[in-house]
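I have placed the structure first, in the form of structure tokens, so that the comments after it can refer back to it.
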Amino acid sequence: MEETLAKSYEPKSVEEKWYKYWIDRGYFVSHSNSDKPPFSMVIPPPNVTGSLHMGHALNNTIQDILARYKRMDGFNVLWVPGTDHAGIATQNVVEKMIAKEGLNRHHLGRKAFIERVWKWKEESGNTIINQLKRLGCTCDWTHERFTMDEGLSRAVKTVFLTLFKEKLIERDNRLINWCPRCETALSDLEVDYEEKNGSLYYIKYFFAQDPSNFIVVATTRPETMLGDTAVAVNPEDKRYKDMIGNELILPLVNRKIPIIADNMVDKDFGTGAVKITPAHDFADEQTGKRHNLAFISVIDRKGKICDPSPQKYIGLDRFEARKLIVEDLKEQGFLHKIESYKHSVGHCYRCKSIIEPLLTLQWFVRIKPLAEKAVEAVRSGKIKIIPEQWENNYFKWMENIQDWCISRQIWWGHQIPVFYCPDCDGDKIFITMRENQKDTSRLTGTYYDFKKEGLSFEKIIEDIDYYLILSGAKPIPEGENCPRCNNSNLIQDPDVLDTWFSSALWPFSTLGWPEKTKDLELFYPTSVLVTGFDILFFWVARMIMMGLKFMGDVPFRDVYIHALVRDASGQKMSKSKGNVIDPLIIMDKYGTDAFRFTLTALAAQGRDIKLSEDRIEGYRHFVNKIWNASRFVLMNIKDYVPQAEHMDEKNLSLFEIWILKKLNQTILEVRESYESYNFNNAASAIYKFLWNDYCDWYIEISKLRIEDDAVKYILWHCLITALKLLHPIMPFVTEEIYSKLPQTTESIVISSFPVADEKFISKNIDEVDHFIDIVRSIRSIKSEMNIQPALKPKTSLFIEEPSKLYIKDFGKYVEVLARCELAFSDKKLEKVKGAAYAYVSGVDIWVNLEGMINVSDEINRITKEIKKTEKDVEFLSKRLSNEDYLRNAPEAVVEDDKIRLENFREKLKKLNDNLNFLKEL
RNA sequence: GGGUGGUUAGCUCAGCGGGAGAGCGUCGGCCUUACAAGCCGAGGGUCAUAGGUUCAAAUCCUAUACCACCCACCA
């Protein structure tokens, strides 16, 4: 085999070529019939609207490293890819599109709009998938899923139904976070809080009995006063104690409201008196419930003031209303004062609009019972979160978890599988379910008398004049009638489920659940989940709860939480800041391998990544270095056919043993690093081996013995092994080189991952390290004395210690690597005129500079060296004279110190002798 | 208000109990036939501050300061 490499590496064409090759050969496809141990992961499904950003790039690079590593290491790997339908985000995208045609979704109607979204999905939803391929991801594309595809929809319905049946899902009228722009409810997690400079308005509320007296309350949201139903004070507050139970007249509205006592009030904040608006504030909702206050909604779903407010405010936007109300209060003498005040305000995580707490009818998951088991799974170690510090965060959140509002008033998503009959009247709810696909019988079911059963949403039922029918795994067929009144006009609940509801099922729904599939049996629980911490609660926690609930087992054994990618100055990347680095541009510019390596090298556990292009460029040089080293190897081994017997120890010189030791240490380290998710460590170990050991020393040395088959073999062997270690991080360039090397299998993707050979690791080969020190020493003298590198000064070595005689064998290597003309002296050279001196453990080195030496330069050089050595000697002798140290430190450490001290003393003595000699001149 | 992480060379970051490391940048010298996207050499740090534990601390503990982030019913 004779192949050569192009002068330089061209990532673009190579990457395309190999990705296609891998796909064609089906390397990424998992096997349901295989003796190999399974290794499985599910991708955190990117939004179908998405385009690859740095977060995806890091996340998927890490997963791909694991997938490739495990595949090479003999596992049956399944990495499930897919996308998320991303309810609000996707709906927003398509709404923007049709807005260009002057339309909104209501013009189209629900059905047509959804068709439009599907069409958009078919046309553009593949962007991110293609970008993942570009990144080199080895997902099993035959397993690709979408959170709204048929199977997953079935899973969603089944889960909904089961939870409903078990009374873990309920419908209730509660205060929820409402986005007036998206016109939908949001869960607590979907609200981003931001510090804002606002004002604190102090308003006078006059007593009903005594119109000359008033209480001052402070609020940041004066417009909500229209819905006030009380003023609360702390029961311990002396100022107000006697007023509790009195009534106040609500300004502008002229409604009477009571003064109540509640411990939630902080005596020292504001005036110590708080207006209570149960229908528009979460804290007030609790207070309102405790005191049985009326809930009066004065803001509607569009964020406008509504009935029952004074006529003049109705229809005004909440912020316009605020202005007007403050003006009116001022005019009518109710405004006490305004202070500027900084507080945090909730914003919609999709559109950034300010959230309005609204009282609405929504579906909730009663999540506490599910959370308890999920906490236990982590506490008991069934799930390991890495890095461990995140476990605390997880526990904190799970232990304070609130009911999960799962209904959204949008159109794109899993429509809630509940049907109402508008013709029946309802003090009862009729529930029917189809639990399996094949059930085509007429709807029959059970009446649940919720009043009798005392369910918490009983009060709601009175508001619904319908019967409630839950459809099972199968949608209710067209033309199905109400089982009670035979009405054929069943109405499905118009709301859709929170996107995260379907994501929570991802680890098992993608494997075929609720069917009992082979995939589930083989690959569930998945081995590891790789994700960013930003969705620990959104997603990870919920998957754990759902997995435990429906599979009876954890969804994954390890959760590896990686950092966030930030820009070079540590800012979060965002379009509005304009600091986004586009991974696709980076891949075009530097190649995918350099990019992936950069992410990996920077991906230290528990620390955010500050990404700068300089860094990527630096690692592109590394790609180039590997490329060129490989060129060297290919050029030199030519038509040599590697044969294992050339690696017999009898054929190997110390150099071969040395590089094999380094290689095997690297294998060990890389394996350990991959196994423990210390990817940066693996990257740096390979980098050091390839560049600093293999290229800088072994290749240079090998040039002198390139005719030796053992050398050729070791060059080949080390290169191929290092390529395999590196392949999970840099898939493309390693495959390209691998394919050109002789004696390789059809692809590095399916080659076997190297196993360290203890035999070489335990080898003691100080000789080569000693040799390297000598070469460095001579180079240093030449450089510091300003000798042209091309000049070869006469250099004499005197080997003082017989145990170091092996250096003689290294003579020609010293000559070439240090560029000098070497001679071994049989006797000690006391003083050599015109030569610079160095001492390297047991060896005197004289570099003859043939009159070019400047005595004062040499004195300076040696003086510097002496100072350094003196420090060493001082440090060590001080430590070795400390009795406590001698008593307590491990013996090996002490022994090592003793030897080092001896060496330094010897060196110091030699250097001083020489300094004295120089001074005599 | 509660919590987590960070503070190490000019910059970006590893190291997390045994004499301070890497990449980039800087300085000096080299086109040495794999690589100038390179090679060789050099300089540069009381490891945020103050205490403590230890024979030994960048590393463990306790405070403090500053910088990030997360959580919370901050009226």
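We did not get these values from a lab; they are worked out from the coordinates using the rules stated. Just so we're clear, the structure is a prediction, and the values are computed from it rather than from any experiment. Virtual Cβ from ideal backbone geometry, glycine too; neighbours counted across all protein chains shown.
Using only alpha carbons, build the gyration tensor for the range A:280-384 and give me the equivalent ellipsoid semi-axes, biggest first, whole Å. Intermediate results must be reported in sequence, preceding the final value.
Numbers: eigenvalues 295, 60, 48 Å².
In descending order, the three semi-axes are 38, 17, 16 Å.
With an 8 Å cut-off on Cα pairs and a minimum separation of 6 or more residues, tell me the relative contact order of chain A in percent. Display every interim value, and only then the final one.
Working: 1568 pairs, mean separation 114.6, N = 921.
Once divided by the residue count of chain A, the mean separation gives 12 percent.
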| message | If I model a spin label at A:ALA889 and A:ASN126 as a point 7 Å from the Cα along the Cα→Cβ vector, what separation in nanometres do I get? | response | 6.7
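Quick one: longest stretch of chain A between exposed loop trypsin sites (Lys or Arg not before Pro), exposed meaning at most 11 other C-beta atoms within 10 Å and loop per DSSP?
On the way: sites that count: A:LYS7, A:LYS100, A:LYS238, A:LYS438, A:ARG442, A:LYS516, A:LYS575, A:LYS577, A:LYS827, A:LYS828, A:LYS833.
The longest such stretch corresponds to A:578-826.
Antiparallel as a % of all DSSP beta bridges within the range A:510-654, to the nearest 5? Write out the running numbers ahead of the final one.
Details: 1 of 9 bridges.
If we restrict to bridges inside the range A:510-654, about 10 percent are antiparallel.
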| request: Could you run the Karplus curve 6.51 cos²θ - 1.76 cosθ + 1.60 with θ = phi - 60° over the range A:732-740 and give me ³J(HN,Hα) per residue in whole Hz, x for Gly and Pro? | output: 7, 5, 5, 5, 4, 6, 3, 5, 8
| remark: Long-range amide H partners of A:GLY82, meaning residues 5 or more apart or on another chain whose placed amide H is closer than 5 Å, are A:ARG145
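Provide the gained length on full extension for the span A:LYS763 to A:HIS343, in nm with one decimal, where the gain is 0.36 nm per separating residue minus the Cα-Cα distance. Show your work: numbers first, answer last.
Numbers: separation 420, 0.36 × 420 = 151.20 nm, distance 6.53 nm.
Extra length from A:LYS763 to A:HIS343 when fully extended: 144.7 nm.
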| field | Label zone at A:GLU327 (point 7 Å along Cα-to-Cβ), backbone N below 20 Å, the range A:201-225 | value | A:201-204, A:221-225
| request: Averaging over all projection directions, find the projected area of the Cα convex hull of the range A:209-295 and quote it in nm² with one decimal place. | output: 5.3
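Mind checking the dipole of chain A: about its Cα centre, +1 per Lys or Arg Cβ, -1 per Asp or Glu Cβ, Debye to the nearest 20? Could the numbers behind the result be given before it?
Numbers: 126 positive and 135 negative charges, 228 e Å.
Roughly 1100 debye, rounded to the nearest 20.
Restricting things to Cα coordinates, could you compute the convex hull volume per residue of the range A:356-395 in Å³? Intermediate values should be presented prior to the final figure.
Working: hull volume 4.2 nm³, N = 40.
That works out to 106 Å³ per residue.
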| task | Can you tell me the relative contact order of the range A:762-921? Whole percent, Cα pairs under 8 Å, sequence separation 6 or more. | result | 23
| message | Output wanted: per-residue J couplings in Hz (rounded whole) for the range A:582-588, from phi through Karplus 6.51 cos²θ - 1.76 cosθ + 1.60, θ = phi - 60°, x for Gly and Pro. | response | 7, x, 5, 5, 4, 5, 5
| Cα centroid distance between the range A:59-138 and the range A:846-921, in Å? | 65
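Using the count of nearby Cβ atoms within 10 Å as a rough guide to exposure, how do A:SER762, A:SER212, A:SER502, A:SER51 rank from fewest to most?
If I rank by nearby Cβ atoms, fewest first, I get A:SER212, A:SER762, A:SER51, A:SER502.
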| remark: Between A:HIS621 and A:GLU521, the two model label points (7 Å from Cα along the beta-carbon direction) sit apart by a distance in nm of 5.6
| said: Between A:LYS312 and A:PHE269, what is the label-point separation in nm under the 7 Å Cα-to-beta-carbon projection? | reply: 3.1
| remark: The set of residues whose placed amide H lies less than 5 Å from the amide H of A:ALA835, leaving out same-chain residues fewer than 5 positions away, is A:LEU849
| remark: Computed for the range A:292-391: size of charge dipole around the Cα centre, +1 on C-beta of each Lys and Arg, -1 on C-beta of each Asp and Glu, debye to nearest 20, value 360
| task | May I have the extent of the alpha carbons of the range A:217-367 along their three principal axes, as whole Å values ordered from largest to smallest? | result | 47, 45, 30
| said: For the range A:182-232, compute Rg over Rh where Rg is the Cα radius of gyration and Rh is the Kirkwood radius from the inverse mean 1/r over Cα pairs. | reply: 1.13
| message | Just want the answer: with Cβ charges of +1 for Lys and Arg and -1 for Asp and Glu, which residue in A:ILE787, A:VAL755, A:ILE714 is farthest toward the dipole's positive end in the range A:694-807? | response | A:ILE787
| message | With a cut-off of 8 Å between alpha carbons and a minimum separation of six or more residues, what is the relative contact order of the range A:93-234 in percent? | response | 9
| Going by how many other Cβ atoms sit within 10 Å of their own, how do A:TYR713, A:TYR687 line up, fewest first? | A:TYR687, A:TYR713
| Which value, in Å to one decimal place, does the Kirkwood hydrodynamic radius take for the range A:47-117 when every pair of different Cα atoms is included? | 15.0
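Based on the Cβ-Cβ distance from A:THR745 to A:LYS396, what FRET efficiency comes out when R0 is 51 Å, to the nearest 0.05? Walk me through the numbers before you get to the answer.
Numbers: r = 50 Å, r/R0 = 0.97.
E(calc), rounded to 0.05, equals 0.55.
Normalized C-alpha radius of gyration of the range A:74-148, against 2.2 N^0.38 Å?
1.40
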| A:VAL530's amide H: which non-local residues (gap 5+, or another chain) put their own amide H closer than 5 Å, with H modeled 1.01 Å from N in plane and none for Pro or chain starts? | A:TYR560
| field | Two-decimal log10 I(q)/I(0) for chain A, as the Debye equation yields it once each C-alpha is a single scatterer, q = 0.07, 0.09, 0.11 Å⁻¹ | value | -0.77, -1.03, -1.32
| field | Positive-end extreme of charge dipole, chain A - chosen from A:SER777, A:PHE334, A:THR142 (charges on Cβ) | value | A:PHE334
| query | Which whole-Hz ³J(HN,Hα) couplings does the range A:913-921 yield from phi under the Karplus relation 6.51 cos²θ - 1.76 cosθ + 1.60, θ = phi - 60°, glycine and proline marked x? | reply | 3, 5, 4, 4, 4, 5, 5, 5, 5
| request: Compare the Cα positions of A:PHE550, A:LEU564, A:ALA604 along the charge dipole of the range A:549-655 (+1 at Cβ of Lys, Arg; -1 at Cβ of Asp, Glu; about the Cα centre) and return the one farthest towards the positive end. | output: A:LEU564
| said: Could you list A:ASP897, A:ASP588 so that the one with the fewest beta carbons within 10 Å of its beta carbon is first and the one with the most is last? | reply: A:ASP588, A:ASP897
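Test of understanding: what is the full-extension gain from A:ASN254 to A:SER380, defined as 0.36 nm times their sequence separation minus their Cα-Cα distance? Numbers along the way, then the final one.
Details: separation 126, 0.36 × 126 = 45.36 nm, distance 5.85 nm.
So the extension gain works out to 39.5 nm.
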| message | Step by step: find N for the range A:565-705, compute 2.2 N^0.38 Å, then divide the Cα radius of gyration by it. What's the final number? | response | 1.31
| task | Looking at chain A, send over the antiparallel percent of its DSSP beta bridges, to the nearest 5. | result | 75
| note | Expressed in angstrom and rounded, the centroid-to-centroid distance over alpha carbons for the range A:7-36 and the range A:753-832 is 45
